[in-house]
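Accompanying notes for the structure given below.
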Amino acid sequence: MTATLSDNDNAVTDLPSDAPPVPEGATMVTVKIERFNPEVDEDLHWESYRVPAMPTDRVLNMLHYIKWYIDGTLTFRRSCAHGVCGSDAMRINGVNRLACKVLMKDMFAKSGETTLTVEPIKGLSVEKDLLVDMEPFFEAYKAIKPYLVTTGNDPSRERTQSVAERERFDDTTKCILCAACTTSCPVYWSEGSYFGPAAIVNAHRFIFDSRDEAAEERLDILNDIDGVWRCRTTFNCTDACPQGIQVTKAIQEVKRALMFRRR
Amino acid sequence: MQFHKYDVLIVGAGGAGMRAAIESGQRARTAVLTKIYPTRSHTGAAQGGMCAALSNVEEDNWEWHTFDTIKGGDYLVDQDAAEIMAKEAIDAVLDLERMGLPFNRTPEGKIDQRRFGGHTREHGTAPVRRACYAADRTGHMILQTLYQNCIKHGVEFFNEFYVLDVNMSTNEDGEEVCTGAVAYELATGEIHVFEAKSVVFATGGFGKVFKTTSNAHTLTGDGMGIVYRKGLPLEDMEFYQFHPTGLAGLGILISEAVRGEGGILRNVDGERFMERYAPTIKDLAPRDIVARSMALEVLEGRGCGSNKDYVLLDVTHLGEEVLESKLPDITAFSRTYLGVDPISEPVPVYPTAHYAMGGIPTNVDGEVLRDNETSVSGLYAAGECACVSVHGSNRLGTNSLLDINVFGRRAGIAAAEYAHSREHVEMPEEPAKLVQGMVDHLRTAHGGERVANIRTALQETMDANASVYRTEDTLKQALSDVQLLKERYGRIAVHDKGMRFNSDLLEAVELGFLLDLAEALVNSALARKESRGGHAREDYGARDDTNFMRHSMSYKQLPDAEDPDAPLGLTGFLADIRLDYKPVSVTRYQPMERKY
């Protein structure tokens, strides 16, 4: 199989004959991927591929190149390819990133051959290669009642909300549920029962929305043994968030709301 | 094989599917089948806004909105449908607000509104503030809010289930009715038969027939392809929208809201060239006009960059505060993907394949049409995969987010009410036969052709020959290319032979739909010897109302069931499509010359 790394450095001939021509200005890079095929493999293992990379390519382009021209069994999720759908969170060189938001020019080694490592996000079970079981993640999200709760009759027009009230929870409305934050959290790695940063971010989005009336209920849920108090303010989550949400700050604000029962 | 039984099936969990599910789920036993997790849907990539004549910041009314939509669509819009959409837009926005959508607000705390291309006051005198928005993440907020409300109402989702066929049976009265759908489960490779009284397709567009596109990898037109392969028509396939401002070379969308907030398009001379093409509303002309103007600037040598192949979108005069508060995401896209900071330098842009005006023909309740008049009982469609037609030959910005909410809701209600009024009709014998055949065929195929190479060749010919400007020659080239690619498609091999999470196999299935839809697009474009809205023929530059103020209807000739290639939808490769036409519904607006 042409898939594995040959000792023959810089050998473009590693590429299949019917692959598209290597574009001018491309650099050959090694992409090392943690693989697992449940129908074949007993354990996770690493495989390496040499692929051409343009500076403007995203890591997702590397994965597509491998899947489309070298090994069609390589499996990962992706959709929008520009950082809004949240499908392709993975560990890239050891940190959680969206594969479609990391440019290869930022990955090139300063000197010598570039090697990129790609692993599935941690803390959710690996189903196949870079694709993990997202169900526990979405269960935690659903548990915090992620929807506007109001009582009484709906107004005939919109509910009013001041610009400042709207601004209060703006940051946490950006969440795309990619799980990069939750699966970067050491507490989540060791105890999967922890709600995790993403669920708390989405609770924050409603707790601090002036229109919502279920803040107390959500705070009670997050006061639970698996709730916000598990957070050790490691800031991994904030670093991992592709949307730039101040995740740790949001968690701290929920903690403070719990301590003082006011928002 | 597994069997399931529901009242209503909804295929697709983007905006239209989930809006339908919220209605249907409260009225009937409903399942949503979606090939990706709901929050991954491409509704989330929509940026600028959703228009409704709320009059929150200045005088407006839904009649102006109706007129703008019809004129924007170059009079190919069905006017009764456009009127419904513009009228119901107001409640559609208010419904979303009540569901929790965090709209930007006015100083008085009302939903804020901004300008958008083609939306005007008093039938074209000046731009109007009609687009309700949440920064430049309006689609994201709509998708999240609808998903949140699906959770609230306990809607049942089957995530990563690829629907690959829809079932029809003949009932006791001799009527052909929809009886369910067949899905492939990504996780296990298992085939599931879902029996239902009604099925709503809300599967989105097929932008992946093009190379430069704002569309997601998953937008492969599966729902349209499935319906088309049943011998049902697709309407107005030649009308495909090229959004003016894709990031040059990449196609990533830069919202029209940038121009709504005051952004200006400039050529290599720094000239604001839209003043020449649309003197009244300039950069806020509808997308087809702006895209053609940009393409012309480049063709005539006034493009920018070393290859002179793009123009510039200038927002440097807007200031950091406006960009960060009202257009933060697109500012970030430009920085991330082009390394250009819009605060200090103009952004290279060029038209990108964006939206299918055509699709599965429906009436205003989402019922799918089998010909110009009659509908298929139990079969519904909504959103980009459908053609009501509220967009005619060119959709106005924001009207897609509106379409999914108004007609998603209508289709959901209609499908549930239909299910209440009917009993289950027995499914055909061997309901999964076609899907089983397709999957078995692909898994065992040993040809020498590679899916990726055929897909790339398709995208390249479509970009070169069927995009902003078209001629008889380019379209004939595209048609013969697509037909040769279909032949090659019959000789593909799929590398992954496994059962679990076999996305390799599904990419091959998706390519089959793309080929069918590209062929329909090019075939109907060849036949339309006029220029109208998103369809610009260099060889027939004028609109021709006498011969072409009518919708095209493409019917695929059904494959012979005994043909070994039948599971792939292949029928040999010429004379595959029968083309017919349907009248436009005109109520109060007679066609006029379209000037802005």
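Values for this structure:
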item: Single residue of B:S377, B:S400 found to be more than 30 Å from B:K497 (Cα to Cα) and part of a strand (DSSP E or B); result: B:S377
item: Breaking point among (1) without any contact (Cβ under 8 Å) to a residue 40 or more places away in the chain; (2) over 23 Å from B:G249 (Cα atoms), for A:C80; result: (2)
item: Selected residue (only one of B:I70, B:I84, B:I111 is within 14 Å of chain A (Cβ to nearest Cβ) and among the hydrophobic types (A, V, I, L, M, F, W, C)); result: B:I111
item: Residue that is of a type outside the set (S, T, N, Q) and surrounded by fewer than 16 Cβ atoms within 10 Å (Cβ to Cβ), where the choices are A:I207, A:I221, A:I225; result: A:I225
item: Looking only at segment A:97-113, and only at residues there that are crowded, with 20+ Cβ neighbours inside 10 Å, among the aliphatic types (A, V, I, L, M) and not in a loop (DSSP other than H, G, I, E, B), the one that is nearest to the other protein chains (Cβ to nearest Cβ); result: A:L98
item: Any hit, segment B:343-351, residues being in contact (Cβ under 8 Å) with a residue 12 or more places away in the chain, more than 26 Å from the chain's Cα centre (by Cα), away from chain A (no Cβ under 14 Å) and under 30 Å from B:L76 (Cβ atoms); result: no
item: Selection status of B:T125, more than 22 Å from B:G15 (Cα to Cα), polar (S, T, N, Q) and more than 8 Å from every other protein chain (Cβ to nearest Cβ); result: yes
item: Any hit, segment A:227-249, residues being aromatic (F, W, Y), in a loop (DSSP other than H, G, I, E, B), modelled with pLDDT of 95 or more and at positive phi; result: yes
item: Residue list for segment B:110-157, restricted to those being among the aliphatic types (A, V, I, L, M) and within 13 Å of B:A53 (Cα to Cα); result: B:I111, B:V128, B:A131
item: Tally, over segment B:46-75, of residues that are outside any loop (DSSP other than H, G, I, E, B), hydrophobic (A, V, I, L, M, F, W, C) and buried (at least 24 other Cβ atoms within 10 Å of the Cβ); result: 3
item: Pairs with Cβ under 7 Å, 6+ apart, first in segment B:105-125 and free of Cβ contacts under 8 Å to residues at least 24 places away in the same chain, second not charged (D, E, K, R); result: B:R105/A:Q161; B:R105/A:S162; B:R105/A:V163; B:R105/B:I111; B:P107/A:V163; B:G109/A:T160; B:G109/A:Q161; B:G109/A:S162
item: Subset of segment B:357-374 [among the polar types (S, T, N, Q) and outside any strand (DSSP E or B)]; result: B:N363, B:N372, B:T374
item: Yes/no for A:I121 being under 30 Å from A:L219 (Cα atoms), touching a Ser or Thr at 6+ places or on another chain (Cβ under 6 Å), at pLDDT 95 or above and not polar (S, T, N, Q); result: yes
item: Close pairs from segment A:19-46: first under 17 Å from A:D133 (Cα atoms) and free of Cβ contacts under 8 Å to residues at least 40 places away in the same chain, partner crowded, with 16+ Cβ neighbours inside 10 Å and of a type outside the set (K, R), Cβ under 6 Å, at least 6 apart; result: A:E39/B:G498
item: Residue selected from segment A:71-96 under the condition more than 9 Å from chain B (Cβ to nearest Cβ) and surrounded by fewer than 24 Cβ atoms within 10 Å (Cβ to Cβ), by the criterion nearest to B:L247 (Cα to Cα); result: A:I92
item: Matching helices (runs of 4 or more DSSP H) fully within segment A:114-213 where at least 3 residues are in contact with a helix residue (DSSP H, G or I) (Cβ under 6 Å, 6 or more places away or on another chain) and either more than 14 Å from chain B (Cβ to nearest Cβ) or not polar (S, T, N, Q) (or both); result: A:135-143, A:197-207
item: Among residues of segment B:291-328, those that are at negative phi and either of a type in the set (K, R) or in contact with a Ser or Thr (Cβ under 8 Å, 6 or more places away or on another chain) (or both), counted; result: 8
item: Flag for B:G189 being farther than 14 Å from B:E510 by Cβ, part of a loop (DSSP other than H, G, I, E, B) and free of Cβ contacts under 8 Å to residues at least 40 places away in the same chain; result: no
item: Segment A:240-263 residues that are small (G, A, S), paired with ones that are crowded, with 21+ Cβ neighbours inside 10 Å (beta carbon under 6 Å, 6 or more apart); result: A:A240/A:N96; A:A240/A:A180; A:A240/A:C181; A:A240/A:S184; A:A250/A:T172; A:A250/A:V201; A:A250/A:H204
item: Residues of segment A:101-118 that turn out to be free of Cβ contacts under 8 Å to residues at least 40 places away in the same chain and closer than 11 Å to A:D57 by Cα, as a count; result: 1
item: A:L258 vs. criteria surrounded by 22 or more Cβ atoms within 10 Å (Cβ to Cβ), more than 20 Å from A:A89 (Cα to Cα) and either more than 10 Å from chain B (Cβ to nearest Cβ) or of a type in the set (V, I, T) (or both); result: no
item: From B:A81, B:A131, B:A86, B:A92, residue being within 20 Å of the chain's Cα centre (by Cα), under 30 Å from B:P591 (Cβ atoms) and free of Cβ contacts under 8 Å to residues at least 60 places away in the same chain; result: B:A86
item: Residue in segment B:451-482 that is surrounded by the most Cβ atoms within 10 Å (Cβ to Cβ), counting only those that are out of contact with any Gly (no Cβ under 9 Å at 6 or more places or on another chain) and in a loop (DSSP other than H, G, I, E, B); result: B:A466
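The values are calculated or read from the model by the stated rules, or taken from the named source; none is laboratory data. Just so we're clear, the structure is a prediction, and the values are computed from it rather than from any experiment. Neighbour counts run over all protein chains shown; Cβ positions are idealised from the backbone, glycine included.
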